[in-house]
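Enquirer: Handing you this structure, nothing more for now.
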Amino acid sequence: MQFEKVNELKDFLTTTEDRLSRMSQTGPDPDSLRRQMEEHKQLQVDLEAQQLLVESLSNLVIIEDSEYFKELEDKLAALEERWSHVVKWTDKRWDNLQELSFKWTKLSEHHRVINQWLNSRENSLKMMESKEVTEIGTAMERIKSLEFCRADIHKLQNYVEKLDMVVHSLKKESLSTLNIGDK
């Protein structure tokens, strides 16, 4: 029964390692990322399902004067190393997927904020432009609005800088920037 369980884990690890080798690099676009995250979640579910078997094998009692002792001990050590590698690889890939998802979310959010600001300021300026100024009070209000707009531009610069940093980090990794840099 012990050898049967060892072989069961060995077969699972072989299948899983093959599965890992076929998983593509993260990205390069949000649609691919969503698909990759779903595949990865399924992989994690499969690994969790095997955890009981791994724990039962790690608690295995081996009788040293058994003729199979050395062979079983070697198989268990090899399986432990393979299991450890698969778990570490899975954890690292999940971290990479989450980081990329965060970057794209951040990129989209900054883009949305900038667009809202631009649309708001554009509407304000168009309204000012459409109304003729004949009174000093109206001219003073317009000057205040333009000063507010100038101050707001300085705040916007922070968003633009953050957006630019995210775009550059994605480009460094040869990932999609969702064309936000150009927009």
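Enquirer: Just give me a number: lysine pairs in the stretch 1-144, eight or more positions apart or cross-chain, with C-alpha atoms less than 23 Å apart.
Expert: Pairs that pass both the separation and distance tests number 18.
Enquirer: Residue 165 accessible area, nearest 10 Å², 1.4 Å probe?
Expert: Accessible surface of residue 165 is approximately 140 Å².
Enquirer: Which far-off residues, 5 or more places away or on another chain, put their amide H under 5 Å from the one on residue 27, with H placed in the peptide plane?
Expert: It is 33, by chain and number.
Enquirer: Stretched out fully, how many nm does the piece from residue 37 to residue 135 gain, at 0.36 nm a residue minus the Cα gap? If you can, show how the numbers build up before the last one.
Expert: Values: separation 98, 0.36 × 98 = 35.28 nm, distance 6.11 nm.
Length gained between residue 37 and residue 135: 29.2 nm.
Enquirer: Also, I was wondering about something else. If R₀ is 45 angstrom, what is the calculated FRET efficiency for the pair residue 85 and residue 119, using the beta carbon separation as r and rounding to 0.05?
Expert: Numbers: r = 51 Å, r/R0 = 1.13.
Calculated transfer efficiency: 0.30.
Enquirer: Taking only Cα atoms, what is the 0 to 90° angle, nearest 10, from helix 136-172's long axis to the longest principal axis of the chain?
Expert: Tilt relative to the chain: about 20 degrees.
Enquirer: For the chain, set up a GNM with springs between Cα atoms under 10 Å and report which of 69, 102, 12 has the largest fluctuation.
Expert: 69
Enquirer: With a Förster radius of 35 Å, plug the Cβ-Cβ distance of residue 143 and residue 112 into 1/(1 + (r/R0)^6) and report the FRET value to the nearest 0.05. Let's see the in-between values first.
Expert: Working: r = 30 Å, r/R0 = 0.86.
About 0.70, to the nearest 0.05.
Enquirer: Of the options 153, 100, 59, report the single residue whose Cα projects farthest towards the positive end of the charge dipole of the chain (beta-carbon charges: Lys, Arg +1; Asp, Glu -1).
Expert: So the residue we want is 153.
Enquirer: Nearest 10 degrees is fine. How inclined is helix 30-58 to the longest principal axis of the chain, computing both from alpha carbons?
Expert: On a 0 to 90 degree scale, this one is about 30.
Enquirer: Quick one, which of (1) -0.51, -1.11; (2) -0.42, -1.20; (3) -0.27, -1.32 is the actual log10 I(q)/I(0) by the Debye sum over Cα atoms at q = 0.08, 0.18 Å⁻¹ calculated for this model?
Expert: (1)
Enquirer: Among 110, 125, 87, whose Cα sits farthest toward the positive end of the charge dipole of the stretch 66-183 (+1 at Cβ of Lys/Arg, -1 at Cβ of Asp/Glu, about the Cα centre)?
Expert: Farthest along the dipole direction, towards plus: 125.
The values are calculated or read from the model by the stated rules, or taken from the named source; none is laboratory data. Not measured: the values here are computed from a predicted model. A quick note on method: Cβ atoms are made from the backbone with ideal geometry, for glycine too, and the neighbour counts reach across all protein chains shown. Quick note on the areas: whole protein, heavy atoms, side chains included, nothing else; ligands and nucleic acids left out. Shrake-Rupley method; radii C 1.70, N 1.55, O 1.52, S 1.80 Å.
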